[in-house]
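Visitor: Below are the structure tokens for one structure; questions will follow.
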Amino acid sequence: MGRGMVRLLGEGFPYGTLVVNVIGCLLLGLVMQLTLRSGAISAEWRIPLTVGFLGAFTTFSTFGYETVRLLADGAWGLAFANVGANLLVGFVAVWVGLMLARLFVA
């Protein structure tokens, strides 16, 4: 994902990590809704899917490293944009995942 995003958008911002984190947030919202509200996914699968797969898929440590590197390079605006984008877009993605799951089980 990282290489693809660099080819597509350049090296100035960690887009690959952002995309992976947003996809992970979307899937987490979807899985949690399907597990906790509808029973469409069994409770036995919730932990392996959320903590196991999505925990390994998302990249919080990489996000932290890339943000610190941006700060060390003096790119304060990009560093804060990275934090803001991961938080804001991540929260929106969780919400979208929840809404999509509601549509699937409605």
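Visitor: Quick one: net charge around residue 75, please, counting Lys, Arg +1 and Asp, Glu -1 for every other residue with C-beta under 14 Å from its C-beta.
Guide: -2
Visitor: Just to confirm the filter: which GluC sites (Glu not before Pro) across the range 1-102 are DSSP coil and have at most 11 other Cβ within 10 angstrom of their Cβ?
Guide: 11
Visitor: Whose amide H sits under 5 Å from the amide H of residue 59, counting only residues 5 or more places off or on another chain, with H placed in the peptide plane?
Guide: Amide H to amide H, under 5 Å and 5 or more residues apart or across chains, residue 59 pairs with 21.
Visitor: Next question, about the same structure. Show that you can apply the helix-only estimate: for the chain, add -39,500 (n - 2.57) for every DSSP H stretch of four or more residues, divide by all residues, and state [θ] at 222 nm to the nearest 500.
Guide: It lands at -23000 deg cm²/dmol.
Visitor: What is the magnitude of the charge dipole of the chain about its Cα centre, with +1 placed on the Cβ of each Lys and Arg, -1 on the Cβ of each Asp and Glu, and no other charges, expressed in debye to the nearest 20?
Guide: 240 debye
Visitor: Determine ³J(HN,Hα), in whole Hz, for all residues of the range 79-94 in sequence, where each value follows from phi through the Karplus function 6.51 cos²θ - 1.76 cosθ + 1.60 and θ = phi - 60°; x replaces Gly and Pro.
Guide: Ordered by residue, 3J(HN,Hα) equals 4, 5, 5, 4, 4, x, 5, 5, 6, 5, 5, x, 4, 4, 5, 4 Hz.
Visitor: Follow-up. Collect residues whose amide H, placed 1.01 Å from N in the peptide plane, falls under 5 Å from the amide H of residue 41; neighbours closer than 5 in sequence don't count.
Guide: Close amide H contacts, sequence-distant or interchain: 35.
Visitor: Just 55, 16, 84 to compare: in a GNM of the chain, with alpha carbon springs under 10 Å, which one fluctuates most?
Guide: Highest fluctuation among the options: 84.
Visitor: Now, a different point. ³J(HN,Hα) across the range 24-31 via Karplus (A = 6.51, B = -1.76, C = 1.60, θ = phi - 60°), whole Hz, x for Gly/Pro?
Guide: Along the range 24-31, the couplings run x, 5, 4, 5, 5, x, 5, 5 Hz.
Visitor: Let me ask something else about it. Read through the labelled values [x] 35, 28, 25; [y] 48, 23, 23; [z] 52, 26, 23 and report the label of the one computed as Cα extents along the principal axes in Å from the structure.
Guide: Here the calculated entry is [y].
Visitor: Taking 25 Å as R0, compute the FRET efficiency from the Cβ-Cβ separation of residue 91 and residue 37 and round it to 0.05.
Guide: Once rounded, the FRET efficiency stands at 0.85.
Visitor: Spelling out what I want: for every residue of the range 67-72, take phi, set θ = phi - 60°, compute 6.51 cos²θ - 1.76 cosθ + 1.60 (Karplus), and round to whole Hz; glycine and proline get x.
Guide: 5, 5, 4, 4, 5, 4
Bear in mind that the values in this text are calculations on the coordinates, not laboratory data. Everything numeric in this text was worked out from a predicted model, so none of it was measured. Positions of Cβ are generated from backbone atoms using ideal geometry, with glycine treated the same way; all protein chains shown enter the neighbour counts.
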